[in-house]
Each structure stands twice: as structure tokens, then as C-alpha cells.
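Reviewing the structure listed below.
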Amino acid sequence: MFSIKPKDEKFFELFLKGIQVSNSAAKELRALMDELGSPDKRLGNLTRLEHEGDTIAHELMEYTNKMFITPLDREDIFSITREIDNVTDDIDSTGHRFYMYYIDKPTTESLDLLDKLVTATEELVGIISELKSLNKSATLIKKIIHVNTIENEADQIYRKAIRKLFENPTDVLFVTKWNHIYKYIEDSIDSCEKLANEIWGVVMKYA
């Protein structure tokens with residue numbers, strides 16, 4: 001039976017800090033769309049958050065290695081830690097693509113995708129918040145399924161966006177840039193689903 005001792009709270013506190021960083025990064029990326037003409041502040045915030053996420057991941061790894069008894073199997077802790085860090089890393093990489101490709105105006109589809117990304121990371125905050133009570137949580141699975149639904153909805157937006165790019169291509173550079181950027185945003189949302197699925201596996205394991 002899965003149980004949590006008070007001394008084990010730190011694992012879940014660090015998980016939560018990590019995914020809150022991911023959520024903050026998603027919001028920064030969405031806010032960047034309104035400031036693409038002067039992106040330095042938002043990009044700086046994304047870089048800072050990516051570094052903060054790395055620090056939390058390293059702390060989790062080190063703490064896990066020091067502990068003789070852990071509330072979850074070590075491989076589960078390492079997997080969740082890695083997937084949280086991947087979400088933040090992917091969001092940071094996406095933000096910097098807007099700078100590298102000299103994008104000065106978002107498309108409607110990119111805004112729709114980024115809204116899905118923000119919603120997915122917000123849902124993940126709720127999932128991680130309930131992880132320590134997974135045997136008692138009535139909503140944890142529903143939240144995980146909702147992340148899967150968000151990813152499916154994002155897939156539809158992504159496919160339509162790519163089709164629109166290639167319907168009547170008149171600007172090859174525009175098509176090339178946005179083809180890559182859409183993929184980066186989609187990959188960020190996919191990372192959210194991978195984390196949700198990783199947690200789902202843990203829930204099934206300890207239920």
C-alpha cells in the first residue's frame with residue numbers, strides 16, 4: 001500500500017516547484033507573442049526559468065540518491081523529474097526560435113497552440129499537487145485524461161496550421177519558419193502529455 005511519511009514531503013514539494021516553473025515558462029512564452037518587437041525581457045525570463053528548472057531537477061536527483069527510503073521507486077522519481085525538466089526545456093527552446101527566426105508577429109494558429117500549452121501546464125500543476133495523495137484523489141485520473149485531450153486538440157490545430165502553410169505557398173521563407181515553429185510548439189505540448197502519461201503509469205503502479 002502506498003503511504004507517505006512527513007519526511008518524504010520534500011520530493012513532492014520539488015516536483016511541484018518544477019512544474020510551476022514549467023507553467024510560468026508557458027505563460028512567459030504566451031506573453032512573448034505580444035512583445036515580439038522587443039523580446040529581450042521575455043526571453044530573459046524564459047532563460048532564467050529554464051535554469052531554475054535545471055536546478056530543481058538536480059536537487060531532486062541528489063536528494064533521491066541520498067535517501068535510503070523514497071516514497072516512490074527511484075526510477076519513477078527520476079522519470080518524473082526528467083519529464084518535468086523536458087517540458088520547461090522545450091518551452092524555452094520554442095521561445096528562442098521566435099527570436100532566431102526573426103518572427104515579429106504571431107499567427108492565429110500559433111496563439112491557439114500556445115493557449116493549449118498554457119492550459120496543459122496548468123493542468124499538470126494540479127496533477128502534481130495531488131500526486132502525494134494518489135490513493136485518495138478522485139480527480140487525478142480525470143486531470144491526466146484532460147491533458148491527453150488537450151494534446152489531441154492541439155494535434156488538430158497543428159495539422160490544420162501545416163496544411164494552411166502549404167495550400168498556397170507564396171513565401172518560402174515564411175513557410176519554412178512557421179513549419180519549424182509549429183513543430184516546436186507541438187513538441188512542447190507533447191512533452192506535457194508524456195509527463196501526464198508517466199504519472200498515470202505511477203498511479204496505476206501504486207493504486
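Taking the numbered list (1) of a type in the set (Val, Ile, Thr); (2) at pLDDT 95 or above; (3) over 18 Å from residue 93 (Cα atoms) in turn, residue 181 passes all entries but (3).
Within the stretch 20-32, the presence of at least one residue that is farther than 19 Å from residue 147 by Cβ and either more than 17 Å from the chain's Cα centre (by Cα) or not acidic (Asp, Glu) (or both) is confirmed.
Results for (1) over 17 Å from residue 204 (Cβ atoms); (2) in contact with a helix residue (DSSP H, G or I) (Cβ under 8 Å, 6 or more places away or on another chain), shown as yes or no for each residue.
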{"position": "131", "(1), (2)": "no, yes"}
{"position": "134", "(1), (2)": "no, yes"}
{"position": "154", "(1), (2)": "yes, yes"}
{"position": "159", "(1), (2)": "yes, no"}
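What tally of residues in the stretch 46-78 results from selecting those that are without any contact (Cβ under 8 Å) to a residue 24 or more places away in the chain and either in contact with a helix residue (DSSP H, G or I) (Cβ under 6 Å, 6 or more places away or on another chain) or assigned to a helix (DSSP H, G or I) (or both)? Total meeting the criteria: 11. Residue count for the stretch 46-63, restricted to those that are farther than 13 Å from residue 17 by Cα, surrounded by fewer than 17 Cβ atoms within 10 Å (Cβ to Cβ) and in contact with a Leu (Cβ under 9 Å, 6 or more places away or on another chain): 1. Regarding the stretch 87-96, can at least one residue be identified that is surrounded by 22 or more Cβ atoms within 10 Å (Cβ to Cβ), in a helix (DSSP H, G or I) and either free of Cβ contacts under 8 Å to residues at least 24 places away in the same chain or among the hydrophobic types (A, V, I, L, M, F, W, C) (or both)? Checked the stretch 87-96: at least one residue is surrounded by 22 or more Cβ atoms within 10 Å (Cβ to Cβ), in a helix (DSSP H, G or I) and either free of Cβ contacts under 8 Å to residues at least 24 places away in the same chain or among the hydrophobic types (A, V, I, L, M, F, W, C) (or both). So residue 103 clears everything in (1) in a helix (DSSP H, G or I); (2) over 20 Å from residue 14 (Cα atoms); (3) aliphatic (A, V, I, L, M) except one condition, right? Which one? The single condition residue 103 does not satisfy is (1).
Among the criteria (1) at pLDDT 95 or above; (2) closer than 30 Å to residue 174 by Cα, the one residue 84 does not fulfil is (2).
The values are calculated or read from the model by the stated rules, or taken from the named source; none is laboratory data. Only a predicted model underlies this, so the values are computations on that prediction, with no experimental measurement involved. Positions of Cβ are generated from backbone atoms using ideal geometry, with glycine treated the same way; all protein chains shown enter the neighbour counts.
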